[in-house]
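Chemist: One structure follows; several queries about it will come next.
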Amino acid sequence: MEELASEKKVNRKERILDAALEIFSAKGFKDTTIREIAKKAGVGLGTTFYYFKDKDDLFYAVIFREVEKERKKVLKRLKEIEKKEKNPYKLLKKRLFNSIETLESNELLKKIFLKDPNLVLPYFHDTFHEQYLERILHGLESLIKDGIEKGYLKKVDTHMAALSLISILNSFMLASTSQSKYVDIGKLIRFSGSLLIDGMRKPPDKTKKS
């Protein structure tokens with residue numbers, strides 16, 4: 001009975017988050033009310049406030065859930081890629097492109113970024129950037145170092161190279177908060193990333209006979 005009650009609570013909370021994601025992405029934070037979210041979720045207003053203390057709390061809970069969801073997708077895909085790809089140069093590109101593709105795939109989250117960048121970006125930085133930066137940085141540095149040792153990449157400052165790749169991903173997140181009729185943001189970020197990674201690639205040794 002306790003498990004059933006707990007499952008119902010989780011389902012109720014998820015319904016509220018689903019409804020909030022849909023409405024926030026369509027109307028933005030300012031024009032959305034808790035009442036319409038509760039109605040969309042099929043729960044009472046009191047039930048919504050039981051799980052979330054106010055609209056701000058619900059808004060950031062939606063962002064946290066969606067970003068975590070995408071982060072887990074990225075990690076899952078990276079593990080699959082790393083099983084098949086052993087070339088550090090190719091792996092760097094696939095890591096970057098996979099991260100961008102995953103972030104691009106969540107249309108509702110992108111709409112929230114576009115509608116409320118002044119709310120999303122500070123929260124994103126405070127909640128996720130500091131939490132995962134060290135881990136991501138360490139992983140990229142290790143991969144670049146491995147590429148240098150195996151002769152796939154030039155000798156570069158691994159720390160600065162890893163930070164540069166992270167900056168490109170951060171640029172993508174920032175660019176996601178604005179629309180441009182002049183350029184495809186995803187295409188531009190992929191081009192910038194390829195330019196950086198290709199610049200680190202070590203040219204083949206022409207002195208060696210094939």
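Chemist: Rank the residues 149, 66 as a footprinting-exposure proxy: fewest other Cβ atoms within 10 Å of their Cβ go first.
Modeler: Least crowded to most crowded, the residues run 149, 66.
Chemist: R0 = 35 Å: FRET efficiency of residue 60 with residue 154, Cβ-based, nearest 0.05?
Modeler: 0.25
Chemist: If you add up the charges near residue 153, with Lys and Arg at +1 and Asp and Glu at -1, over every other residue whose beta carbon is less than 10 angstrom from its beta carbon, what do you get?
Modeler: Net charge in that neighbourhood comes out at +4.
Chemist: Next question. Which ordering of 84, 90, 115 is given by a fewest-first count of other beta-carbon atoms within 10 Å?
Modeler: 84, 90, 115
Chemist: Quick one: of 94/187; 93/115; 13/55; 69/111; 30/72; 90/145, which pairs are farther than 22 Å apart, Cα to Cα?
Modeler: Beyond 22 Å: 93/115; 30/72.
Chemist: For the chain, set up a Gaussian network in which alpha carbons nearer than 10 Å are linked by springs, and say which option among 200, 173, 160 fluctuates the most.
Modeler: 160
Chemist: Would you grab the residues whose amide H sits under 5 Å from the one on residue 201? Only those 5+ places off in sequence or on another chain, please, with H modelled 1.01 Å from N.
Modeler: 154
Chemist: Working from the alpha-carbon coordinates of the chain, get Rg over Rh, Rh being the Kirkwood radius.
Modeler: Checking Rg against Rh, the ratio lands at 1.09.
Chemist: Right, another one. Excluding residue 61 itself, what net charge comes from residues whose Cβ is under 12 Å from its Cβ, given Lys and Arg +1 and Asp and Glu -1?
Modeler: Once positives and negatives cancel, what remains is -3.
Throughout, read-outs are computed from the coordinates displayed, never taken from laboratory work. Because the structure is a prediction, the values reported are computed rather than measured. Quick reminder, even Gly has a Cβ in these numbers, built from the backbone with ideal geometry, and neighbours come from all protein chains shown.
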